[in-house]
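The values are calculated or read from the model by the stated rules, or taken from the named source; none is laboratory data. Predicted model only: the values in this text are computed from it and were never measured. Neighbour counts run over all protein chains shown; Cβ positions are idealised from the backbone, glycine included.
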Amino acid sequence: MANVLVFGHQNPDNDAIMSSVVLSQLLNQLEYQGNTYTACCLGPLPAESAKLLEDAGVPAPTLIDAIEPADEGEEAQLVILTDHNEPGQSVAGLENATIFGVVDHHRFGDFTTAAPLHIVALPWGSSCSIVAKLFEVMGVAPTDTQAKLLLSAMMTDTLMLKSPTATDVDAAIAAKLGEQLGVDPVKFGMEVFLTRPSGSFTAAEMVGNDIKMFEVAGKKLLIGQYETVDKSRALGMIPEIREAMRAYAAEKAADGIVLCLTDIMEEGSQVLLEGDTEAAQKGLEIADVAEGVWMPGVLSRKKQVAAPILAAN
Ligand SMILES: [Mn+2]
């Protein structure tokens, strides 16, 4: 018997948090393989996650910053990665851990393991959709609290099912969870979204709030996304935002940085580029324009920003 640490990616979003929290609960309920499972996170909670967990009386996941090498004669730390699988987006010292499982809805990058492992990867709209399906697979009904936490992340990750990453399966699972809770999933999602204090975000918070590192054409490219219900405030801060992008890229030793200012209501993104973004310009077919480039319909970093950049290089 071991204690397995369960965590989502760096700069956690609501899906990274809720997938680790609720999956840990499910595995503990099942006493799965006789282990215990501890939900962890690799950064501060997003505001909506903190509020949802507090309202539900569920303890926040444990903040961890690195996995240390095992002592002589000890087994390596077991981990489950949720909502990510690429080492560059994971905990420092991941190489010191044994990956017990992955529950994810992203592409697989550089990934090898020494032993067989649990992998549940489906190209659905959120990792929490997969966790919800795992309840069904394991024959367990989610409690109302679990249903609420899962549904919240399904809605934030798919931008209320509007993102092209949302599938019919997500819509069906959301409808079922909404029925259990007696809420309309989209309305509920909007309420969750509006608990974010995004109206007061600084330029640095817009840049660092939700950002991931990718290796493209031998270079390190950061791709960030700031979701808002009104992009006008951010558009008035472009020089500051660009300065914050340069600072963030320098801090992370990235070659270039892409930031999508995504307007959920207008359904599109203003895309800003800083540093060496040749790969991004090629993939997105846009230029590095001072005020950024408006890309209508672009809501998904994964599918409409990262994927075309990776595919073109
Ligand atoms: Mn996700």
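Tabulated data
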item	result
Residue check for residue 133: farther than 26 Å from residue 209 by Cα, within 16 Å of the ligand (Cβ to nearest atom) and in a helix (DSSP H, G or I)	yes
Subset of the range 101-116 (residues that are modelled with pLDDT of 95 or more and away from the ligand (no atom under 15 Å from the Cβ))	101
Tally, over the range 28-56, of residues that are closer than 26 Å to residue 139 by Cα, more than 16 Å from the ligand (Cβ to nearest atom) and in contact (Cβ under 8 Å) with a residue 24 or more places away in the chain	10
Meets criteria (farther than 20 Å from residue 54 by Cα, part of a helix (DSSP H, G or I) and within 16 Å of the ligand (Cβ to nearest atom)) for residue 192	no
Residue satisfying all of: in the range 282-301; surrounded by 19 or more Cβ atoms within 10 Å (Cβ to Cβ) and not hydroxyl-bearing (Ser, Thr, Tyr); nearest to the chain's Cα centre (by Cα) among these	301
Candidates 98, 143, filtered to the one that is surrounded by fewer than 22 Cβ atoms within 10 Å (Cβ to Cβ), over 29 Å from residue 306 (Cβ atoms) and at pLDDT 95 or above	143
Single residue of the range 44-57 satisfying the filter (buried (at least 16 other Cβ atoms within 10 Å of the Cβ) and not aliphatic (A, V, I, L, M)) that is farthest from residue 227 (Cα to Cα)	49
Odd one out for residue 83 among (1) of a type in the set (D, E, K, R); (2) in contact (Cβ under 8 Å) with a residue 24 or more places away in the chain; (3) surrounded by fewer than 21 Cβ atoms within 10 Å (Cβ to Cβ)	(3)
Number of positions in the range 81-100 that are more than 14 Å from the ligand (Cβ to nearest atom), hydrophobic (A, V, I, L, M, F, W, C) and touching a helix residue (DSSP H, G or I) at 6+ places or on another chain (Cβ under 9 Å)	2
Residue check, residue 89 surrounded by 12 or more Cβ atoms within 10 Å (Cβ to Cβ) and modelled with pLDDT under 95	yes
Within the range 259-277, considering residues that are touching a residue at least 40 places away in the same chain (Cβ under 8 Å) and among the charged types (D, E, K, R), the one surrounded by the most Cβ atoms within 10 Å (Cβ to Cβ)	276
Candidates 125, 139, 109 - the one that is part of a loop (DSSP other than H, G, I, E, B) and free of Cβ contacts under 8 Å to residues at least 40 places away in the same chain	139
